[in-house]
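Peer 1: If you scroll down you'll find the structure; I have some questions about it.
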Amino acid sequence: MTLLETQKLTRAYGGVVAVSEVDFEVEQGLITGLIGPNGAGKTTLFNNITGLDVPTSGTVQFKGKNITGKNAHTICRMGIARTFQNIRLFKELTVLENVMLGRHFKVGRSASTGRLATALKSFFSMEEEESIMREHALKWLSFFHLEHLVDELAKNLPYGHQRELEIARALATEPSLLFLDEPAAGMNPQETDALMKTIRKIRSLGITVVLIEHDMKLVMNICDTITVLNYGQNIAQGTPSQIKRNPLVVEAYLGKEDA
Amino acid sequence: MGSWAEFFQHLMNGLTLGGIYALIALGYTMVYGILKFINFAHGDILMMGSYIGLFVYNAIRGELLGFWTIIAFFLSMLVGMMFSAILGMAIEKIAYKPLRKATRLAPLLSAIGVSFILSNLAAWMWGTKSKKLEYPFDNSPIHLGDIAVTPHQIMILVVVVVMMVALKLFIDRSRLGKAMRATSLDQDTAKLMGIKVDRIIAITFAIGSALAATAGFLIALEIKVYPSMGTMTGLKAFVAAVVGGIGNISGAMVGGILLGLIETFGVALLGIPYALRDTIAFIILIIILLVKPEGLLGKAEKEKV
């Protein structure tokens, strides 16, 4: 079943077309890899799907609903979460607070109260809301074995833990689809191995994963299907072995022989 | 001269004045923390809330006596706070939000415009003559040995402390407070946590405006209510926010109280002429901008590209 689908998705910045008429499909339950040389438009595609950027043209369908150009917070609430290539934690907040924020919208949204009423309610039911959020956050922190670091400021964590924390925070929003932007960047081989196990574990929870990655070993090992972008265009998709043999892909990465 | 009692007297005056500055400075700093924008209409929002509070108080006070006038006073203050909160949110929505993606100068100019509109509107509707707000209690000083404290000062200190503690709890502990901090750190990522950033901004304006109205209503007992009552006090509170480190909640509290103390002791002990009292704040502003531009509690921030 198709979980997410873009049709002729285009994003141009002035004259520069970063993503050009891309048809991209994500099958539910699979791990999808998105690869391509630097500047191929991978992150732009992520941004346009998750609502941080608005496509110039084309559509994005998620669970059969058109989500093109919707607010990032709306898309998050519908079940799409993501991480960033250059980790974007709330550095001045604690580890626990970072993950608790992922629970923000799951709490205290029962009544259609106004702004002032919401603020007052949040003030007077502080303890209750806090404990619900904390309990859930701790669950995700223990998933990554980070429970012992709860009160540490996010910025003080070692790099590898920061990556894990960002994934934990994304998972706390209970997504059905998780986008990971270069999760293995800067990791050593042991950390990358651990990450592969984690991603498989996330899939086993029923969460569909899409990842941008330059580490080919990881991509070929873990992905069920791969899409290749080059110069903003979708040039190939298929299983890892199909992609490895695809001449267009080889050319994109290595350049034409006569070039 | 120079006795302990006199020192304590000035300390009390400085703390109450500083508490008022701090309450107003919080609104500037909270909005700046999230939008990197100075709401120059903040002082006028204070003024509008004070007027509404005054009208409500005059209407319900009637022949009430003793304890009940105090209840009526706080009830009126609450109405003034709510009015300012709603006004603050409305101004944000109409005059600032549409300009969020414009140059940084645009909302600033818009704020100055809103400030003029509000003070002229008040002058037109209610006249420029100041209106007296009656004390809800007998304000003759209470003598504790050599020290004289007015009930008004005690009330200001109590209200300021309660407000600050409540705000600090709200920001640090509540779900929405966390969302506010997250929004001020990184709006995009906050959105990806499902946080409705527009709503958080509205709530920030509401809280800041309500705190300003509280401060306005409290000082109205002494300075009365008039269309430009928020201008100088607002500007000085802005200085306090910058001194403490704009964008930093604790900084606004510290900056406000410090400014109140310096003004009071500057006149009382250093012999700065009373007529120059209002210049003290701005001299401090210039010194801070030269020596520690990020403010006392602010962190030197690398300019984001």
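Each value in this text was obtained by applying a stated rule to the coordinates, not by laboratory testing. On a predicted model such as this, the values are computed, not experimentally measured, just so you know. Reconstructed Cβ throughout: ideal geometry from the backbone, glycine too, with neighbour counts over all protein chains shown.
Peer 1: Modelling each spin label as a point 7 Å along the Cα-to-Cβ direction, I'd like the A:A185/B:K168 distance in nm, to one decimal.
Peer 2: It is 3.9 nm.
Peer 1: Once the piece of chain linking B:R61 and B:L105 is laid out straight, how much longer is it, given 0.36 nm per residue of separation minus the C-alpha distance between them?
Peer 2: Details: separation 44, 0.36 × 44 = 15.84 nm, distance 4.45 nm.
Taking 0.36 nm per residue and subtracting the Cα distance, the gain is 11.4 nm.
Peer 1: Moving to a separate point now. With a 10 Å radius around each residue's Cβ, average the other Cβ atoms per peptide and rank B:50-63, A:34-47, highest first.
Peer 2: A:34-47, B:50-63
Peer 1: Let me ask something else about it. Tell me, A:D53, A:D193, B:D138 in order of fewest to most beta-carbon neighbours within 10 Å? Could you put the intermediate results ahead of the total?
Peer 2: Values: A:D53 20, A:D193 15, B:D138 9.
Arranged by neighbour count, lowest to highest, A:D53, A:D193, B:D138 become B:D138, A:D193, A:D53.
Peer 1: Considering only Cα-Cα distances, which of the following residue pairs are longer than 25 Å: A:K42/A:K65; B:K36/B:K132; A:K8/A:K42?
Peer 2: Beyond 25 Å between Cα atoms: B:K36/B:K132.
Peer 1: Using a Förster radius of 30 Å, what is the FRET efficiency between B:K36 and B:K224 based on their Cβ-Cβ separation? Nearest 0.05, please. Can you show the working numbers first?
Peer 2: Details: r = 35 Å, r/R0 = 1.16.
Computed FRET efficiency for B:K36 and B:K224: 0.30.
Peer 1: Turning to a different aspect of this structure: Just how many % of Cα pairs in chain B lie over 32 Å apart, if you round to the nearest whole percent? Mind dumping the intermediate values first?
Peer 2: Details: 12136 of 46360 pairs.
Considering chain B, 26 percent of its Cα-Cα pairs are separated by more than 32 Å.
Peer 1: Looking at chain A, I'd like the Rg to Rh ratio, where Rg is from alpha-carbon atoms and Rh is Kirkwood's inverse mean 1/r.
Peer 2: Reported Rg/Rh (Cα atoms, Kirkwood Rh): 1.00.
Peer 1: Let me ask something additional. Obtain the radius of gyration and the Kirkwood radius of the stretch B:39-117 from its C-alpha atoms and give Rg over Rh.
Peer 2: Rg divided by Rh gives 1.18.
Peer 1: At a Förster radius of 25 Å, what calculated FRET efficiency corresponds to the Cβ-Cβ distance of A:K197 and A:N86, to the nearest 0.05?
Peer 2: 0.55
Peer 1: Rounded to two decimal places and with Rh computed the Kirkwood way over Cα pairs, what is Rg over Rh for the stretch B:85-146?
Peer 2: Using Cα coordinates only, the ratio equals 1.28.
Peer 1: Report the label-to-label distance for A:E127 and B:V161 in nanometres (one decimal), using points 7 Å from each Cα along the Cα→Cβ vector.
Peer 2: Modelled inter-label distance: 2.3 nm.
Peer 1: Can I ask one more? Under the definition of Cα pairs under 8 Å and six or more residues apart, what whole-number percent is the relative contact order of chain B?
Peer 2: Relative CO of chain B lands at 36 percent.
Peer 1: Kirkwood hydrodynamic radius, the stretch A:86-215, all distinct C-alpha pairs: what's the number in Å? Mind showing how you got there, number by number?
Peer 2: Numbers: mean 1/r = 0.0635 Å⁻¹.
Evaluated over the stretch A:86-215, this radius sits at 15.7 Å.
Peer 1: Same structure, new question: List, in the order given, every pair from A:K201/B:K178; A:K121/B:K224; A:K70/B:K93 whose Cα-Cα distance in the structure shown is over 22 Å.
Peer 2: A:K201/B:K178; A:K121/B:K224
Peer 1: Okay, next question. Length gain on complete extension for the stretch A:K139 to A:E21, per 0.36 nm per residue less the alpha carbon to alpha carbon distance?
Peer 2: Values: separation 118, 0.36 × 118 = 42.48 nm, distance 4.03 nm.
Fully extending the segment from A:K139 to A:E21 adds 38.5 nm.
Peer 1: Out of B:S250, B:G127, A:I35, whose Cα points farthest toward the positive end of the dipole of the protein assembly as shown (charges: +1 Lys, Arg; -1 Asp, Glu; placed on Cβ)?
Peer 2: It is B:G127, whose Cα lies furthest towards the positive end.
Peer 1: Angle, helix B:151-173 long axis vs. longest principal axis of chain B, Cα atoms, 0 to 90°, nearest 10?
Peer 2: So the inclination is approximately 20 degrees.
Peer 1: A further question follows. Could you run the Debye sum over the Cα atoms of the protein assembly as shown, one equal point scatterer each and no solvent, and tell me log10 of I(q)/I(0) at q = 0.10, 0.11, 0.13 Å⁻¹, two decimals?
Peer 2: Debye intensities relative to I(0), on a log10 scale: -0.89, -1.01, -1.25.
Peer 1: Now for a different question. Which of A:Y253, A:Y13, B:Y96 comes first, and how do the rest follow, when ranked by fewest Cβ neighbours within 10 Å? Don't jump to the answer; show the numbers that get you there.
Peer 2: Numbers: A:Y253 13, A:Y13 10, B:Y96 22.
In increasing order of surrounding Cβ atoms, one gets A:Y13, A:Y253, B:Y96.
Peer 1: Taking the simple approach of a point 7 Å from Cα along Cα-to-Cβ for both B:D146 and B:L276, what is their distance in nm?
Peer 2: It works out to 2.9 nm between the two label points.
Peer 1: Indicate, rounded to the nearest 5 percent, the antiparallel portion of the DSSP beta bridges found entirely in the protein assembly as shown.
Peer 2: Approximately 60 percent, going by the DSSP bridge assignments.
Peer 1: Hey, fewest Cβ within 10 Å first, where do B:W68, A:W140, B:W124 land in order?
Peer 2: Going from least to most buried by this count: B:W124, B:W68, A:W140.
Peer 1: FRET efficiency for A:E152 and A:N221, Cβ-Cβ distance as r, R0 = 30 Å, nearest 0.05?
Peer 2: Efficiency for this residue pair is about 0.40.
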